[in-house]
Amino acid sequence: MATTAFDVVLKELSERRDALTQALTAGSARDYAEYRSMCGEIRGLSTAHSHIIDLVRHLENSEDE
């Protein structure tokens, strides 16, 4: 299977989300404001990831028709 731009973006989003999650787990947030910022970034990355997955599925379904 060929790697698409979607695959590259999804991989980057996942890697960043995983890095932030590991950092939070390790307790690297300096204060509550940074903790909230990191949580917000994780939420945003997860949302973007979900939207891209939905877009890929939609495009695949439209090609089948």
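The values are calculated or read from the model by the stated rules, or taken from the named source; none is laboratory data. Note that the coordinates shown come from a computational prediction; the quantities given were computed from them, not determined experimentally. Please note: Cβ atoms are built from the backbone with ideal geometry, for glycine as well, and neighbour counts cover all protein chains shown. Each accessible area value is taken on the protein alone, full model and side chains, heavy atoms only, with ligands, DNA and RNA left out. Shrake-Rupley method; radii C 1.70, N 1.55, O 1.52, S 1.80 Å.
When the range 32-56 is examined, which residues are found to be farther than 23 Å from Asp7 by Cβ, free of Cβ contacts under 8 Å to residues at least 12 places away in the same chain and open to solvent by less than 60 Å² (accessible area, probe 1.4 Å)? Let's see the steps before the verdict.
The initial filter retains those residues of the range 32-56 that are farther than 23 Å from Asp7 by Cβ, namely 32-40.
Of the ones still in play, those that are also free of Cβ contacts under 8 Å to residues at least 12 places away in the same chain are 32-37, 40.
Glu34, Gly40, listed by residue number.
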Discussion item. One residue is enough: does the range 5-20 have a residue meeting the conditions open to solvent by less than 50 Å² (accessible area, probe 1.4 Å) and touching a residue at least 40 places away in the same chain (Cβ under 8 Å)?
Written reply: yes
Item to complete: Looking at (1) among the aliphatic types (A, V, I, L, M); (2) open to solvent by 60 Å² or more (accessible area, probe 1.4 Å); (3) touching a residue at least 12 places away in the same chain (Cβ under 8 Å), find the lone condition where Leu59 falls short.
Response: (3)
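With open to solvent by less than 100 Å² (accessible area, probe 1.4 Å), modelled with pLDDT under 95 and either in a loop (DSSP other than H, G, I, E, B) or of a type outside the set (S, T, N, Q) (or both) as the only criterion, which of Ala29, Ala23, Ala2 stands out? Steps first, please.
On the way: Ala29 fails: modelled with pLDDT under 95; Ala23 fails: modelled with pLDDT under 95.
From the options Ala29, Ala23, Ala2, the qualifying one is Ala2.
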